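Structure in structure tokens, see below.
The values are calculated or read from the model by the stated rules, or taken from the named source; none is laboratory data. These figures come from a predicted structure and were not determined experimentally. Cβ atoms come from the backbone with ideal geometry, glycine included; neighbour counts cover every protein chain shown. Surface areas here come from the heavy atoms of the whole protein model, side chains and all, with no ligands, DNA or RNA. Shrake-Rupley method; radii C 1.70, N 1.55, O 1.52, S 1.80 Å.
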Amino acid sequence: MRITHEADYAVRIVYVLMQSGAHTVAASKVAECSGVTLRFTLKILCKLVGSGIVASRKGANGGYTLAMDPADISLGLIIESIDGPFELNHCLSDDFDCTRVKDKKFCQFHHIFDDVNAKLKKELYGIKMETFKNT
């Protein structure tokens, strides 16, 4: 399992904004510092603004800042804001109809995947961006 490039880049973008402190940063500067193209940076910033992680300001002094304290921003939150809910296996989705068993709650594989998925999610939500503040 891999997170998407977009989620990986979102973590980098949040890191750049965190390093800037309370200063508003232009999208072009965020792109330059994160190593992500401007076009992709803008797309990701839009999602991060929509999820409440980042705030945007328009105008001559416009740009982006974190809307949350880095102590409250986890890797899990960033990743899910970009990629959607964690689902290690498609059978964990509410929309999935299993062809192996009539009811997923009686499937051993479903329970295993659900358990691993919950552990991964807990781990990623436990890693806060403030951990990386001085790196």
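Would you kindly find the accessible area of D69, with a 1.4 Å probe and non-protein molecules such as ligands, DNA and RNA excluded, rounding to the nearest 10 Å²?
Its heavy atoms expose roughly 90 Å² to the probe.
Quick one: if the Förster radius is 30 Å, what FRET efficiency do K133 and L38 give, using the C-beta to C-beta distance and rounding to 0.05?
Step by step, r from the Cβ atoms, then E = 0.75.
GNM, the chain, Cα, under 10 Å: largest mean-square fluctuation among K119, K29, K102?
Judging by the Gaussian network model, the answer is K102.
Pull up all non-local amide H partners of L66: gap of 5 or more, or a different chain, and H-to-H distance under 5 Å with H placed in the peptide plane.
Residues meeting the criterion, in which the H sits 1.01 Å from N, are A55.
List the residues, sorted by chain then number, that are 5 or more residues from S20 or on another chain and whose placed amide H is less than 5 Å from its amide H.
none
Right, something else. With θ set to phi - 60°, apply the Karplus curve 6.51 cos²θ - 1.76 cosθ + 1.60 along segment 85-95 and write out the HN-Hα couplings as whole Hz, x wherever there is a Gly or Pro.
x, 5, 8, 4, 9, 4, 6, 7, 6, 5, 7
With all protein chains present, how much of the accessible area of the chain (probe radius 1.4 Å) comes from carbon and sulfur, to the nearest whole percent?
About 53 percent, which is the carbon plus sulfur part of the accessible surface.
Can you give the relative contact order of segment 79-135 as a percent, counting alpha carbon pairs under 8 Å and 6+ residues apart?
30
Could you provide, to the nearest whole Å², the per residue accessible area of segment 16-120 with probe 1.4 Å? Write down the numbers at each step before the final one.
Values: 6340 Å² over 105 residues.
Ligands and nucleic acids excluded, the result is 60 Å² per residue.
For each pair in K47/K122; K105/K128; K47/K128; K47/K119; K43/K133, compute the distance between the two Cα atoms and list the pairs where it is over 28 Å.
K105/K128
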